[in-house]
Amino acid sequence: MHRFIPILALWLVSAPAHAGLFGGTDAPGRIPVPARDVHASVTDLGGVHVALSKFSWEGEVYLYGQLGAAQVTVPFETIDQVSFERTDDDDKRTAVVLTVDGKEVRVAVDADLACFGRTHFGNYRIETQDIGVLKIER
């Protein structure tokens, strides 16, 4: 019985710290603060449209991924809009980037990368696998 008491005490003290491991949420209590305030709009796969400020791609102000064998970054200031297509690999998406000068580039991105922003009602987080269209506002 005496060996059981320290184990029970340890469990009681550590339980709140582990509570988020089981059934927690990914609610964006805080979002990364990007290097500059980018305004964007996101339409998710369900058709919900949200206008955002302080928009970032994993906290950065550029989209990144793979173009063939190379790693590439596409700064937001060169992007008009991005649509995302499914691939044979569930862990990847193809970002179809339309640049401000009308050119298209197709970049392979991880499906679980998060985009963040601030709305008029609070913070916002969405993974690339759930985005239909992303538009960088001017």
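Data overview
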{"quantity": "Set Ile136, Ile79, Ile126: member being crowded, with 16+ Cβ neighbours inside 10 Å, touching a strand residue (DSSP E or B) at 6+ places or on another chain (Cβ under 8 Å), within 18 Å of Ala27 (Cβ to Cβ) and not basic (Lys, Arg)", "calculated": "Ile126"}
{"quantity": "Condition check for Asp89: under 19 Å from Pro28 (Cα atoms), of a type outside the set (A, V, I, L, M, F, W, C) and in a loop (DSSP other than H, G, I, E, B)", "calculated": "no"}
{"quantity": "Subset of the stretch 99-138 that is more than 21 Å from Thr78 (Cβ to Cβ) and polar (S, T, N, Q) - its residue that is nearest to the chain's Cα centre (by Cα)", "calculated": "Gln129"}
{"quantity": "Scope the stretch 82-109; condition surrounded by fewer than 15 Cβ atoms within 10 Å (Cβ to Cβ) and touching a residue at least 40 places away in the same chain (Cβ under 8 Å); matching residues", "calculated": "none"}
{"quantity": "Residue, farthest from Arg118 (Cα to Cα), within the stretch 27-64, restricted to residues that are hydroxyl-bearing (Ser, Thr, Tyr) and in contact with a Pro (Cβ under 8 Å, 6 or more places away or on another chain)", "calculated": "Tyr62"}
{"quantity": "Test: residue in the stretch 52-59 that is in contact with a Cys (Cβ under 8 Å, 6 or more places away or on another chain), of a type in the set (A, V, I, L, M, F, W, C) and touching a residue at least 12 places away in the same chain (Cβ under 8 Å)", "calculated": "yes"}
{"quantity": "Residues located in the stretch 61-81, provided they are more than 22 Å from Val33 (Cβ to Cβ), among the aliphatic types (A, V, I, L, M) and part of a strand (DSSP E or B)", "calculated": "Leu67, Ala70, Val72"}
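Rule-based calculations on the coordinates, nothing more; no lab input. Only a predicted model underlies this, so the values are computations on that prediction, with no experimental measurement involved. For neighbour counting, all protein chains shown are included, and Cβ atoms are generated from backbone atoms with ideal geometry for every residue, glycine included.
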